[in-house]
Amino acid sequence: MTDKHPEYVRQQLAAGAQEAEEEAASATANEDEVFAVKDSNSETQIKLPSPSEQLLKLIEEHEGTWIGQLMQEPLLIYGDMGSYKSYFAAFLALCRHYLRGHQIISIADRHFHQNRDECWECLLKLGVPRYGAHHDYFAVGEQLNAMYSRFAVRTLKDNPLTSIFDEMDDKIRTGRRYSRTCQ
């Protein structure tokens, strides 16, 4: 693995986020626009699924829908230091936001000051609030309490939410760390 690999991953995430933002803005501006094909032999229009709908269908059909389940359930991402857990959490949050309509509530990361320009860059462009920089455990704790408060009042009819809690405990005996994307 080269030193350029993290930069490449960051660039790919940022590019994907930019494309998704542009597509979402275009779709919002043209909500009545229908992806349709006109049959040359008749006046009938055949409605085609949008690119987002096509992607979501492929995700739901892939290998027993495990990827689709990740976009709906609380998730603990566990792995060694440097294994791109935070990048994956950011990617998953973007998928949840653009494909499932989740509101991304916050990023709670005690190392946010070190990760802001890399793994969290695409989420910051969306205006996602962040907490915990410079080892501010109090701010991270407040976000955990806010999450538990939301759990107490939310129903299945409420709009879906995603919160990210990064590196919640790095003193696990195995020396592994985890990111958590939940709600």
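For the range 79-130, what are the residues that are part of a strand (DSSP E or B) and within 11 Å of Ile164 (Cα to Cα)?
Ile104, Ile105, Ser106, Ile107, Ala108, Asp109, Arg130
Identify all residues within the range 93-108 that are more than 13 Å from Val128 (Cβ to Cβ) and aliphatic (A, V, I, L, M); write none if there are none.
Leu99
For the range 22-42, does any single residue satisfy the condition of being modelled with pLDDT of 65 or more and either under 25 Å from Leu124 (Cα atoms) or surrounded by 13 or more Cβ atoms within 10 Å (Cβ to Cβ) (or both)?
yes
When the residues of the range 85-107 are narrowed to those that are without any contact (Cβ under 8 Å) to a residue 60 or more places away in the chain and touching a helix residue (DSSP H, G or I) at 6+ places or on another chain (Cβ under 9 Å), which ends up surrounded by the fewest Cβ atoms within 10 Å (Cβ to Cβ)?
Filtering the range 85-107 for residues that are without any contact (Cβ under 8 Å) to a residue 60 or more places away in the chain and touching a helix residue (DSSP H, G or I) at 6+ places or on another chain (Cβ under 9 Å), the one surrounded by the fewest Cβ atoms within 10 Å (Cβ to Cβ) comes out as Gln103.
The values are calculated or read from the model by the stated rules, or taken from the named source; none is laboratory data. Since the structure is predicted, the reported quantities are computational estimates derived from the model, not experimental observations. Every residue, glycine as well, gets a Cβ built from its backbone with ideal geometry; the counts of neighbours run over all protein chains shown.
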